[in-house]
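Undergrad: Right, I'll just put the structure down here and ask away after.
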Amino acid sequence: MTTLLLSCEHGGNGVPRTLRPRFARAEAVLESHRGWDPGALSLARLLAAELPAPLSWSTTSRLVVDLNRSLHHRHLLSEWTRGLSAPERAALLAEHYHPFRDAFAADVDEALASGPVLHLSIHSFVPVLNGRPRHVDLGLLYDPRVPAEVDLARAWVEALRGALPELRIRRNAPYRGRDDGHTSGLRRRFAGQPYLGIEIEVSQGLSCDPRTRREVARALMTSLRGVLAEGAGLARGGRAKTAQGAARACEEGPDAAAKRRPKRRPGRAAIGTSRA
């Protein structure tokens, strides 16, 4: 039996209290796509509740520490945190990075004792980056060197295109599944074992609209159930609107009430897990 595990590494834009002086003039960038993945955590919670599957999430801003980067990656820390002293950096990682990554890896390790694991890492992206439109609404990211992930992604994308024909659904877009990230790190850690890691990237033009987000979540769930029932990948190891144009501002977030204020303080930095 396949175990589903979900994660949302960029679910909020929270800043730990001890670091807030460093971000005193960074409100705008914290609110932007650089600070978090708007709509991703809400989408992940919909998927976790309906599949059902455990969900691990963080509301710590990626500008504090990026949980979707390896320890050696140059963008693990941002310009606001790279200047931390060695003890401060170690404390930051011990409080926000290692608990998330280590706990999730332990969940994968435990689940592998019973059979294959499918890890879905939920993200969102801006439909226009640096003035250039992205020609994708929903992407599934995977490692093309892993045959089981290739099989699963191909079958899932075809099923999604049938369920959401008006959307531009692509494989390994807008990013490459081999790029450094949580899933790629787990592939290395569990090499030779039936771990599959798929990143789901949804345009913020979809993830930030509650009705459309529900429709996308429903299509993801229904199509995934069908693909898994047919054994794709694992045998080897309503209508949503388009997302063209600028994304709507999310109506919810790590601190929804504070979002209505003219000037919003960073949300609370936290990690959490919900069990199916």
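The values are calculated or read from the model by the stated rules, or taken from the named source; none is laboratory data. All of these numbers come straight from a predicted model, not from anything done at the bench. We place every Cβ from the backbone using ideal geometry, glycine too, and count neighbours over all the protein chains shown.
Undergrad: Checking the structure you have, find out if any residue of the stretch 39-62 is surrounded by 20 or more Cβ atoms within 10 Å (Cβ to Cβ) and on the phi > 0 side of the Ramachandran plot.
TA: yes
Undergrad: Do we have G245 as touching a helix residue (DSSP H, G or I) at 6+ places or on another chain (Cβ under 6 Å), of a type in the set (G, A, S) and modelled with pLDDT under 95 here?
TA: no
Undergrad: Criterion first (over 27 Å from Q193 (Cβ atoms) and buried (at least 22 other Cβ atoms within 10 Å of the Cβ)) does R82 satisfy it?
TA: Here the answer is no, as R82 does not meet what is asked.
Undergrad: Exactly one condition in (1) part of a loop (DSSP other than H, G, I, E, B); (2) under 20 Å from the mean Cα position of the chain (by Cα) is not met by W80; state its number.
TA: (2)
Undergrad: On the given criteria, is P266 more than 16 Å from S124 (Cβ to Cβ), buried (at least 17 other Cβ atoms within 10 Å of the Cβ) and modelled with pLDDT under 65?
TA: Answer is yes for this residue.
Undergrad: Could you go through the stretch 101-116 and let me know if any residue there is touching an Asp or Glu at 6+ places or on another chain (Cβ under 7 Å) and at pLDDT 95 or above. Break it down into steps so the answer makes sense when it comes.
TA: So the first thing to find is which residues in the stretch 101-116 are touching an Asp or Glu at 6+ places or on another chain (Cβ under 7 Å), and the list is none.
Checked the stretch 101-116: no residue is touching an Asp or Glu at 6+ places or on another chain (Cβ under 7 Å) and at pLDDT 95 or above.
Undergrad: Related question: Select the strands (runs of 3 or more DSSP E) contained entirely in the stretch 131-236, then report the ones holding at least 1 residues which are of a type in the set (S, T, Y) and crowded, with 21+ Cβ neighbours inside 10 Å.
TA: By residue number, 195-203.
Undergrad: Out of (1) modelled with pLDDT of 75 or more; (2) within 13 Å of A163 (Cα to Cα), the odd one out for A240 is which?
TA: (1)
Undergrad: Go through the stretch 1-39 and give me each residue that's hydroxyl-bearing (S, T, Y), modelled with pLDDT of 95 or more and assigned to a loop (DSSP other than H, G, I, E, B).
TA: Selection gives S32 alone.
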